[in-house]
Amino acid sequence: MLLNQFLILGAVLFCIGVYGVLARKNAVMVLMSIELMLNAVNINMVAFGFQHEVVSGQVFALFIIAVAAAEVGVGLAIVLLLYRNQTSIDVEDFDLMKG
Amino acid sequence: MWMLENAFLIPLIPALSFAVILFFGKRFIGADRVHVIGITAVSLIWVLSLVAAFQWTQRVEHPSPDAIAQISADGHGDDHADDGDDHAGAAMDSESGHGGGHSSVLISPVVTTYSKWWSNGGVDFAVGTHVDGLTVLLLVVVASISLLVHIYSTEYVKGDRRYVHYYAFLSLFTAAMLFFVMAQNIVQLVVGWELVGVCSFGLIGHWWEEKPNTDAALKAFLTNRVGDIGLLVGMIVLWGTFGTFSIDGINAAISASPGTQHLALLVAACCLMAAVASKSGQFPLHTWLPDAMAGPTPVSALIHAATMVVAGVYMIARLYPVFYDGFSIGTSSINLMALIGGFTALMGAGLAFAQWDIKKVLAYSTVSQLGYMVMALGVGAWTAAIFHLFTHAFFKACLFLGAGSVSHAAHHTFDMRKMGGLKKFMPQTYWTFVIATLALSGIFPFAGFWSKDEILLGAKVGQQNGYPLMLIFGCAVAFMTAAYMTRVVWYTFHGEYRGHGHPHESPKVMTVPLWILAGMAVVGGAFNLPGPVLEPFGLEGLAHRVQTYAEPSVYLSGLGLSHPDPSLSMALIGLGLALSGIIVTYLYFWRKMGPHGLTERNKYAKAGYTFLENKYYLDYLYNDIIVASIKKPIANGANWFNQNVLDKAVNTAGESARDSGRWIYKWIDQGAIDGSVNAAARGADASGEGLRTIQSGKVQNYGQLLFGAAAVLAIVFVIVI
């Protein structure tokens with residue numbers, strides 16, 4: 001069944017993204033992993049929209065792409081500022097919120 | 001008759017003047033020119049009062065049909081019906097016909113009721129005006145004296161630190177007094193009564209920086225409060241008996257059926273007598289009046305001689321049927337009112353001998369003369385009392401303003417020992433003072449002679465019986481009045497000047513009012529001349545004007561009040577007593593005859609003098625004996641109650657509260673509440689210690705927890721569903 005293959009692809013992509021977010025030390029890589037997770041969700045959206053023959057799945061996917069672009073912009077700006085302050089983009093170095 | 005129906009304007013004008021002076025005087029007119037407002041307002045009401053008086057005389061002389069009281073067989077009709085039967089009242093008027101030029105038609109008062117003031121428990125409290133001859137007479141007296149005092153004060157209190165308040169209070173007093181005299185019902189009467197009391201209090205204490213003035217103001221106020229209780233109770237009794245507050249209604253009801261409510265009226269009259277005693281300075285509540293001389297002298301002239309202190313006399317005259325019936329004035333030959341009045345007259349005259357303060361002599365003289373008026377009312381001589389009120393207002397105001405003028409000249413002292421010989425320095429004041437003294441003493445042909453003569457005659461003839469005791473009192477007072485006033489004239493104006501500095505005559509703004517008042521003291525008697533005096537001149541029509549115009553015969557005729565015929569012998573006796581009083585004193589002081597130094601030589605005379613000097617020890621009686629004796633047992637009782645009842649209860653409550661507090665502290669507070677609070681705190685502490693390790697500040701640790709938790713939840717979700 002075609003849908004299953006799409007869902008498996010989305011799940012694999014999401015797992016790769018989660019791994020990247022949790023394991024990578026480079027903040028840019030973390031951001032890229034987040035993009036992977038978002039795109040995994042997009043694949044699910046389009047797949048389910050196709051399956052149920054409604055366009056709203058694809059429309060949501062387009063919205064998510066647009067918002068993700070904005071999010072990456074903000075995220076990269078934060079990373080840039082972090083680098084300027086600390087000369088590092090290693091997420092292990094940032095624990096200012098430690099309780 | 002427009003003025004009579006719209007009489008409310010007369011008190012309204014000085015009331016507005018009061019508000020303007022108090023709120024705008026200082027800022028917009030200037031503190032030293034506020035008298036302009038007061039004088040303008042009082043001049044206006046003076047004119048209006050004269051218009052009202054003129055219109056009232058027109059109403060009596062040419063009564064229109066609606067002015068004639070309708071008296072039906074079953075009593076007095078107080079509806080002023082307008083049918084044209086001109087002589088309906090005349091037939092009833094058999095007893096008030098004799099005695100001079102009394103009108104044979106009964107003229108009804110102009111009663112205007114404006115609106116319901118307020119309503120309570122089905123009882124309506126109206127507000128309105130009651131205008132008749134008595135009212136317009138008082139209007140003219142109050143407005144005239146007030147106007148002269150306003151003018152006189154511009155010089156006397158010039159530069160005073162509370163000039164604005166002084167004039168504001170004068171205006172308020174004038175408004176209150178005018179409101180009082182035209183009260184339509186007894187509630188308004190009480191309100192006006194209290195208002196003039198407040199003004200009196202405020203003006204006695206005008207210079208309140210000095211303690212004696214404050215004390216005098218408080219004494220006046222508190223003594224009046226004693227009588228005010230009587231006033232309230234008396235008014236409530238009247239209302240309970242007749243079911244109406246209207247003065248017209250109460251008087252008409254008694255006049256229609258005299259004697260039917262005798263007991264209630266006796267109670268009401270006794271209570272109201274207490275009020276009269278306090279306000280009009282009658283024994284035994286007169287002690288505040290001499291102390292009230294602490295106020296500025298023009299105030300003493302206006303309030304404590306001419307107008308406010310006659311409020312009690314006015315109240316008796318206004319509600320005369322109540323007293324007439326209550327005290328059985330018509331049939332007895334002695335009664336409470338006549339006795340109080342006569343005794344007060346005698347006592348006041350006696351005290352006037354032992355005073356060195358000129359104002360206090362005049363104050364006791366006022367007490368004495370007020371006693372005369374009350375005595376006259378007590379013997380049934382209504383017109384004589386009101387006529388004496390009228391003449392007395394002018395010559396006593398003249399005397400007080402004269403005393404003020406003397407004090408103004410002689411460095412603000414009222415002590416006669418520091419005066420003397422002022423005749424040559426201030427002739428204007430001297431002559432006006434002498435004229436007023438002659439009037440007060442009752443020397444022919446001055447005003448006091450005519451009114452005093454009528455009182456003595458009234459006491460002699462009485463109604464059904466004469467009042468011999470009152471006649472003796474009256475004659476003694478006539479003699480004493482002449483004597484003590486001559487003493488004042490001697491000490492103040494004759495002999496050598498004993499003060500310091502150079503006394504000088506007062507300016508015109510003070511002497512002109514004196515001359516006007518002295519003029520009234522000369523001609524004031526002409527308003528109620530007996531018929532025989534006028535007959536030789538063919539002027540019988542002018543006889544007994546006060547009686548004709550002022551007497552509310554519409555009420556009094558139902559009581560059967562009669563007027564004595566003029567008696568030449570009585571007039572000669574009165575005149576002889578007054579002249580002998582003057583002559584004896586003249587011989588004593590001018591010719592140095594008689595027992596000089598008797599009070600030093602003779603211990604009985606000395607004791608008598610001390611007795612007088614200490615004002616019969618009445619102040620001691622009130623303060624040291626009555627107040628102290630009441631104070632001690634009450635204080636002891638209160639102490640016992642305090643110690644044994646209140647303290648015990650408080651202590652028991654305190655101890656039990658303490659014990660229960662201890663128990664609660666030990667078991668509930670410490671055990672339960674503190675325990676649970678501490679446990680919660682420890683739990684929070686421990687969990688915080690444990691959980692703080694989770695908050696590493698590292699984003700990825702949070703992410704791990706988040707995704708781990710999400711995974712666990714997902715597994716749970718899958719298994720459970």
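Laboratory data are not the source of any read-out in this text; all were calculated from the coordinates shown. Note that the structure is a prediction, hence the values are computed from the model and not measured. Using ideal geometry, Cβ is built from the backbone for each residue, glycine included, and neighbour counts are taken over all protein chains shown.
Straight-line reach from B:K460: taking Cα to Cα under 30 Å and skipping same-chain neighbours fewer than 8 places apart, the lysines in range are B:K279, B:K396, B:K452, B:K615. The trypsin sites (Lys or Arg not before Pro) of region B:370-441 meeting both criteria, a DSSP state outside H, G, I, E and B (loop) and at most 13 other C-beta atoms within 10 angstrom of the site's C-beta, are B:K424.
Remark on chain A: hydrodynamic radius 15.0 angstrom, per the Kirkwood mean of 1/r across alpha carbon pairs.
Work through the residues other than B:T511 whose Cβ is under 12 Å from its Cβ and net out their charges, Lys, Arg +1 and Asp, Glu -1.
Details: positive: B:K508; negative: B:E155, B:E505.
Around B:T511, the surrounding residues sum to -1.
Using helices alone, what [θ] at 222 nm do you get for the protein assembly as shown, with -39,500 (n - 2.57) per DSSP H run of 4 or more residues, divided over all residues and rounded to the nearest 500?
Numbers: 33 runs with 527 residues, N = 820.
The helix-only estimate for the protein assembly as shown comes to -21500 deg cm²/dmol at 222 nm.
Return the long-range amide H neighbours of B:I68 (sequence gap of 5 or more, or a different chain), with a cut-off of under 5 Å between placed amide H atoms. Excluding prolines and chain starts, which carry no amide H, the hits are B:S108. Taking every residue in B:685-695 and counting other chain Cβ atoms within 10 Å of its Cβ, the average works out to 1. Quick one: helix B:508-523 against the long Cα principal axis of chain B, what's the angle to the nearest 10°, folded into 0 to 90? That helix lies at roughly 50 degrees to the long axis. Counted by Cβ distance under 15 Å from B:I582, the other residues give a net charge of +3, where Lys and Arg count +1 and Asp and Glu count -1.
The string of couplings for region B:481-488 from the Karplus curve (6.51, -1.76, 1.60, θ = phi - 60°) is 4, 4, 5, 6, 5, 5, 4, 4 Hz, one whole number per residue in order, with x for Gly and Pro. The Cα-based radius of gyration and maximum Cα-Cα distance (Dmax) for region B:100-220 are 18.3, 57 Å.
The angle between the Cα long axis of helix B:358-378 and the longest principal axis of the Cα atoms of chain B comes to about 80 degrees, rounded to the nearest 10.
Working note: Karplus 6.51/-1.76/1.60 with θ = phi - 60° gives region B:698-712 the couplings 8, 4, 6, 4, 4, x, 4, 4, 4, 6, x, 4, 4, 5, 4 Hz, where Gly and Pro are set to x.
Positive contributions from Lys and Arg (+1) and negative ones from Asp and Glu (-1), summed over other residues with Cβ under 12 Å from the Cβ of B:W356, come out at +3. Calculated on the Cα set of chain B, radius of gyration then Dmax: 35.6, 140 Å.
Of the residues B:F479, B:G462, B:W667, the one whose Cα sits farthest toward the positive end of the charge dipole of chain B, with +1 on the Cβ of Lys and Arg and -1 on the Cβ of Asp and Glu, is B:W667. To the nearest µm²/s, what D does Stokes-Einstein give for the protein assembly as shown at 4 °C and 1.567 mPa s, using the Kirkwood radius over alpha carbon pairs as Rh? The diffusion coefficient I find is 39 µm²/s. Rounded to the nearest 10 degrees, the angle from helix B:133-156 to the longest Cα principal axis of chain B is 80 degrees. Look at the dipole of region B:327-613 built from charges on Cβ: of B:T383, B:S328, B:I340, the Cα furthest out on the positive end belongs to B:I340. By the Cα gyration tensor, region B:327-613 has an equivalent ellipsoid whose semi-axes, rounded to whole angstrom, run 34, 23, 15 from largest to smallest.
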